[in-house]
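In what follows, a structure is listed as structure tokens, so that the remarks can point back to it.
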Amino acid sequence: MINIWHATNIKEIFSVLDSNSNGLSNQEALDRLNKYGKNILPEEKKYSKIKLFLGQFNSPLMYILLVTVGISFLLKHYSDSIFILFILFINTTVGFYQENKANKSLAALKKMVKVKARVLRNGLEKEIDSQELVIGDILMLKSGDKVPADAIIVDSRGLKINESSLTGESHPVDKKEGVLEENATLPERTNMVFMGTIVEQGRGKMLVVAIGSQTQMGKIVSLLKETKERKTPLQKKILVLSRWLSVFVLSLITIILIEGHFTEKSFVDVFVASLALAVSAIPEGLLPAITVILVLAMRRIFKEGGLVRKLAATETLGGVTIICTDKTGTLTEGKMNVVSVLTSNKELMNEDMGELMKDRDLNDMDSHISALKIATMVNDAFIENPESALEEWIVRGAPTDRALLLAGMHAGLDKRELEKQYPLIDRINFESEYKFAATFNKKDEKTNILYIIGAPEEIIAKCSHLDIDGNKEELGTDHSNKLINRLEGLTQKGLRVLGCAYKEYSSDIKYDNLTDLVKEISLIGFIALKDPLRKDAKDSIKITKKAGIRTIIMTGDHKLTARTIAEEIGLKAKNENIMEGKEIDTIDDMDLGERVKNISIFARVSPHHKLKIVNALQSGEDVVAMIGDGVNDAPALKAADIGVAVGAGTDVAKEVADLVLLDNNFKIILKAIEQGRVVFQNIRKVFVYLMADDFSELFLFLFAMAMGLPLPLLPAQILWINLVEDGFPDIALTTEQETEGVMEEKPRSIKEKIFSQPIKKWMTAIFFISGIAAFATYLSLFKFTGDIDKTRSMVFVLMCIDSLIFAFSVRSFKESIFRKNIFSNRFLVGGVAIGLALLFLAVYAPPLQKILSTQPLRLIEWALLMGISIVEILFIEFAKKKIFSKEC
């Protein structure tokens, strides 16, 4: 097969690939798919489970613990050393399980965003999954698309491709059909497009020549080694915090060792006990727990219809203070319908369009036919299965294009027939910067015709005449003034309005850029479309207000259209709350930063305005979520703290987004923000749980050693306590879903730390409450019984019971443990049940009694310890209420 596609004539390539300009048949495509496989890149090397397990030991903390285990072996404390290794193995197994599950979920989520491809099959346009592309397919590309395969250009219409992902060159490359020199380098192959690149402008028709691993991108991916997953900013913060806490814990253990020396305790006994304390107190399970919390949140958001593309974004969502959104499809249903066609002589309503074409032919000069003809011709939508019954049609394209195409067809206009009658010469895709689209078509041998549709004020500004059923008169007459005056009435109804115009040129007209011809054109009329407000839009805006989040509408529509929608959903819509794009151009960044504080609607804005607005909002320390769909929204999406792409948006918008709304609903981002807030609280809960109870053990040892008493707990007992409290309840806390009232709180500051002042105060309270209770119990029992083994057994049980009960307390910083739904988290109930089973085994199973030096307890002793734990939890709950009642 040919390797130098760029240097080969297109006819020869068609012949070699056994294809043609109408594309393959469905059967040919299926045969090639079965023969050559799917259009997918070589997969990354799957992570090794063994490597993941061994990676649990790859931290400075683990190195310290393993070294000290080695020292313990040298000191001939074999049973303690083996038991410590066993507990470390259990803890790392739990960590491995968490991370393995998280990695599997992440891998599944990464596969959810699929690139679609528009192809010709059986001569008809069809949208397929890009994985089903085959060599010989005719591929149609337009602005905003991600190129799904390597292809040679058959026809280019102002095509510009961003190839930075392949060549590193940031400037878009002009692409044209033709034959190049054989020695042309990859960046010089301007007659080809390559997988993974982005269409920035224009459109084109391509012949697919390579798929999957045979593409230029595929060859590069094949050479790459597995890339290490980077830690999120949140994980890095926690890692730093864990290290500081570890230093603190190790410092306290050093103090215990020093106390042991001065109280003439056996150095070996104190050292091994200190080692066990270090294993227990160092929060080595915190990072895996955070990963699980983030991934679980991603999965919940996905169930609500949102796909989080970046792990760190899950937590950042919780701090959002401003949501910038377009109205179409997010606040509205995104189901555009043409409701009227307004021309100089009358207004045609939607229900009358079916009557329009009766007893007329397509050459009739009726202005309504002309307006709908323009809307049909200058249109990117298509019907995938036109041979099917009307009710079974699959219409592809943007909502506005679909509505215009269907309105034209309802009136009897067939796009395919029109395109045969008026062959396309050139076209301009709709771009926000000039707010119109146009096609240049051949009318006859002597005449070409330019069709234009776009924002009414842009169209009017370029018009010199008004067309009245084929007759022209200059603008400024009664007819044109009445028509233009009626425009405001349509926009005030909240309708989206498009202006239609045309101009004829001689067939030998020369131009550099088609936009140069869009001048002194003839206005035909306006087409009004309505997009119904989503039923839940009002409620969604109410939720944002309660949650302390500002909603800002940013739209290219007329300010009156935007204002009507804003008033319907309950946003401020007075004149002082509205700003237009042209006004943004006249003020500097500092002034804009002040003005945006009171603006709820930005109308007639272009992409560069959106970027400027996002930057202005962020200058005030707001956390901004920006919703967009077009290729030109990409800069603002990237600049925002959270970029949100709608599911119907362009591939380039999805590429830079943190969150994709799979069904375009504004409500999804609120669910995502809710989960972001829950994530932050869950991280705090796991952090407090892992640290607080371990601190009480340190308190117990510090005071026992200072008073010259025997070791209150043996190393094996400390490690078993760690297994009971940290083995399963902390995993269960990652699943906590305390959503009630979470969207009625103000957004937290993005600078707020996990280890906040309220958390510090509560942990200090727990340190003293649990520590004093444990020490008092130990001292009293030892003095009363004189039996150190019995005393240790009871203190051991008390510490386990404390931690298991405390797991229910830490479920919420706002609510008391004593509530109706105390057992609503079934995972936590299960985790605590496993902890209790481990505790009973330690106390009553003979093999474990020997290893742990425990004695069986009587019922009255269990009752005493339960009573102490209940008193403890009452004090802890009292402290929680006092500390968190005003701040959380």
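The values are calculated or read from the model by the stated rules, or taken from the named source; none is laboratory data. This one's a predicted model, so the numbers in the text were calculated from it and none came from an experiment. A quick note on method: Cβ atoms are made from the backbone with ideal geometry, for glycine too, and the neighbour counts reach across all protein chains shown. Calculation scope for accessible area: heavy atoms of the full protein, side chains included, ligands and nucleic acids excluded. Shrake-Rupley method; radii C 1.70, N 1.55, O 1.52, S 1.80 Å.
Worth pointing out:
- K519/H171 FRET efficiency (R0 30 Å; Cβ-Cβ; nearest 0.05): 0.55
- Membrane-span-like helices in the chain, defined here as complete DSSP H runs extending at least 18 Å along the helix axis by their C-alpha atoms with mean Kyte-Doolittle hydropathy no lower than 0.0, are 60-74, 78-110, 233-262, 267-281, 286-303, 666-706, 757-785, 788-809, 826-844, 859-884; this is a sequence and geometry rule, not a statement about a membrane.
- Label of the coordinate-derived value, semi-axes √(5λ) of the Cα gyration tensor in Å, listed as (1) 68, 32, 21; (2) 63, 35, 24; (3) 53, 47, 21: (1)
- Estimated from helices alone, the mean residue ellipticity of the chain at 222 nm is -15500 deg cm²/dmol (sum of -39500 (n - 2.57) over DSSP H runs with n ≥ 4, per residue).
- Å² of accessible area per residue within region 359-487, as computed with a 1.4 Å probe and no ligands counted: 47 Å²
- A straight line joining the Cα centroids of region 418-476 and region 608-644 runs 33 Å.
- Distance between the 7 Å Cα→Cβ label points at S388 and I50: 5.1 nm.
- Candidate aspartates and glutamates - alpha carbon under 15 Å from K790, same-chain residues fewer than 8 apart omitted: E861
- The trypsin sites (Lys or Arg not before Pro) of region 689-774 meeting both criteria, a DSSP state outside H, G, I, E and B (loop) and at most 13 other C-beta atoms within 10 angstrom of the site's C-beta, are K751, K753.
- Each Cα pair under 8 Å and six or more residues apart adds its sequence gap; the mean of these over the residue count of the chain is a relative contact order of 12 percent.
- Rolling a 1.4 Å probe over the protein heavy atoms leaves M707 with an accessible area of roughly 110 Å².
- Cross-link partners for K850 among the aspartates and glutamates, with Cα-Cα distance under 13 Å and sequence neighbours closer than 8 places in the same chain left out: D80, D789.
- Close amide H pairs (under 5 Å, H built 1.01 Å from N) link Y422 with no residue at least 5 positions away or on another chain.
- Of all DSSP beta bridges in the chain, antiparallel share, percent nearest 5: 75 percent
- Rolling a 1.4 Å probe over the protein heavy atoms gives region 652-733 an accessible area of 17 Å² per residue.
- Shown here for region 420-486: trypsin sites (Lys or Arg not before Pro) in loop regions (DSSP other than H, G, I, E, B) with at most 10 other Cβ atoms within 10 Å, namely K446.
- Among the GluC sites (Glu not before Pro) within region 700-752, those in coil by DSSP and having at most 15 neighbouring Cβ atoms inside 10 Å are E740, E745, E752.
- Karplus 3J(HN,Hα) series, Hz, for region 414-424 with 6.51 cos²θ - 1.76 cosθ + 1.60 (x for Gly, Pro): 9, 4, 5, 5, 4, 5, 6, 6, 10, x, 6
- Efficiency of FRET between E752 and S506 - r from beta-carbon atoms, R0 60 angstrom, step 0.05: 0.30
- Extension gain from V247 to A833, taking 0.36 nm per residue of separation minus the Cα-Cα distance: 207.7 nm
- The candidates S480, S619, arranged from most to least accessible area with a 1.4 Å probe in the full protein assembly, appear as S619, S480.
- Region 570-606 and region 737-764: distance between their alpha carbon centers, rounded to Å: 33 Å
- Under 23 Å from K219, Cα to Cα: lysines that are on another chain or at least 8 residues apart: K35, K38, K45, K46, K110, K111, K114, K116, K146, K175, K228
- Listed cross-link partners K542/K610; K482/K582; K49/K654; K610/K753; K814/K882; K546/K667 are compared with a 22 Å cut-off, the Cα-Cα value being larger for K542/K610; K482/K582; K49/K654; K610/K753.
- Here the accessible area of the chain is 55 percent carbon and sulfur, with a 1.4 angstrom probe and all protein chains present.
- Modelled FRET efficiency - R0 51 Å, K38 with K472, Cβ distances, 0.05 increments: 0.40
- The stretch between Q131 and T263, if pulled fully straight at 0.36 nm per residue, gains 40.2 nm over its current Cα-Cα span.
- Each label point was placed 7 Å from the Cα along the Cα-to-Cβ direction; for N345 and I860 their separation is 10.8 nm.
- Residue-wise HN-Hα coupling along region 200-210, computed from phi with Karplus coefficients 6.51, -1.76, 1.60 (Hz; x: Gly, Pro): 8, 7, x, 8, x, 10, 10, 10, 5, 10, 8
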